[in-house]
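Here's the structure we're looking at; comments come further down.
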Amino acid sequence: MPHVLEGDLNGAGHKYGIVVSRFNDFITGRLVDGAVDCLVRHGVQDGDIDVVRVPGAFEIPMGARKLVARNKYDAVLCLGAVIRGGTPHFEFVAGEASKGVGALALEAAIPVLFGVLTTNTIEQAVERAGVKSGNKGWETAMAAIEMVNLYRQM
Ligand SMILES: Nc1c(NC[C@H](O)[C@H](O)[C@H](O)CO)[nH]c(=O)[nH]c1=O
Ligand SMILES: CC(=O)[C@@H](O)COP(=O)(O)O
């Protein structure tokens with residue numbers, strides 16, 4: 001039988017930083033609600049969750065990097081919503097947000113999670129912010145709890 005490592009879903013005693021972009025706040029606010037609900041329901045104290053708001057998804061990596069540098073969190077969650085418009089701007093904003101979070105995640109000593117919606121339509125974003133396709137904030141928080149507990153075993 002192989003020896004398998006995986007993190008459990010108990011968040012008791014964990015501290016989390018959340019960076020969220022204000023652009024499309026009608027969506028990103030729901031992502032934060034979902035993430036905080038998930039963390040608290042899995043044992044994280046409300047007072048152990050800090051939320052930092054940045055203007056848009058392009059600024060998420062900057063905010064996340066500052067949160068990691070505080071050295072006070074077990075993980076940092078990055079939440080946002082990039083919704084395609086009429087120009088190629090979507091590709092650049094979404095691309096830089098994911099590249100920046102990905103690079104930070106590989107250099108940081110703690111898990112940095114990517115919960116940025118990148119959708120073609122507003123409807124797709126709404127569906128993934130607590131409607132019929134779940135809540136990307138909740139999903140990101142679940143992954144964060146698991147990764148924190150996995151890191152503690154490695
Ligand atoms: N169009 C969206 C943006 N655009 C703004 C950028 O993220 C950035 O704030 C600006 O370019 C200044 O650097 N941001 C989103 O989060 N979502 C969008 O759909
Ligand atoms: C993702 C975006 O930057 C987008 O909302 C901007 O819309 P547009 O491409 O119509 O300027």
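The values are calculated or read from the model by the stated rules, or taken from the named source; none is laboratory data. Since the structure is predicted, the reported quantities are computational estimates derived from the model, not experimental observations. These accessible areas exclude ligands, DNA and RNA; they are computed on the full protein's heavy atoms, side chains included. Shrake-Rupley method; radii C 1.70, N 1.55, O 1.52, S 1.80 Å.
Some observations on this one:
- Secondary structure note: in the chain, about 10% of the DSSP beta bridges are antiparallel.
- C-alpha long axis of helix 60-69 to longest principal axis of the chain, angle in °: 20
- Under 5 Å, built H, 5+ apart or other chain: amide partners of GLY7: LEU150
- With every protein chain in place, the chain: carbon and sulfur % of accessible area (1.4 Å): 55
- C-alpha long axis of helix 25-41 to longest principal axis of the chain, angle in °: 10
- In whole angstrom, region 6-78 maps to an equivalent ellipsoid with semi-axes of 21, 15, 9, each derived as √(5λ) from the alpha carbon gyration tensor and ordered largest first.
- Accessible surface computed residue by residue for region 44-143, with neighbouring protein chains in place and a 1.4 Å probe, gives 51 Å² per residue.
- Cα-based shape type of region 65-149, given that a ≥ b ≥ c are square roots of the gyration tensor eigenvalues and the cut on a/c is 1.5: oblate
- Within straight-line cross-link reach of LYS136, lysines at Cα separation under 23 Å, skipping those fewer than 8 residues along the same chain: LYS15, LYS66, LYS99
- Taking amide hydrogens as placed 1.01 Å from N in the peptide plane, the amide H of LEU77 sits under 5 Å from those of GLY17, ILE18, VAL19, LEU113, each at least 5 positions away in sequence or on another chain.
- For LEU117, the residues whose modelled amide H falls within less than 5 Å of its own, excluding neighbours fewer than 5 places apart on the same chain, are GLY80, ALA81, VAL82.
- Size of region 1-148 as Cα extents on the principal axes (Å, biggest first): 49, 39, 33
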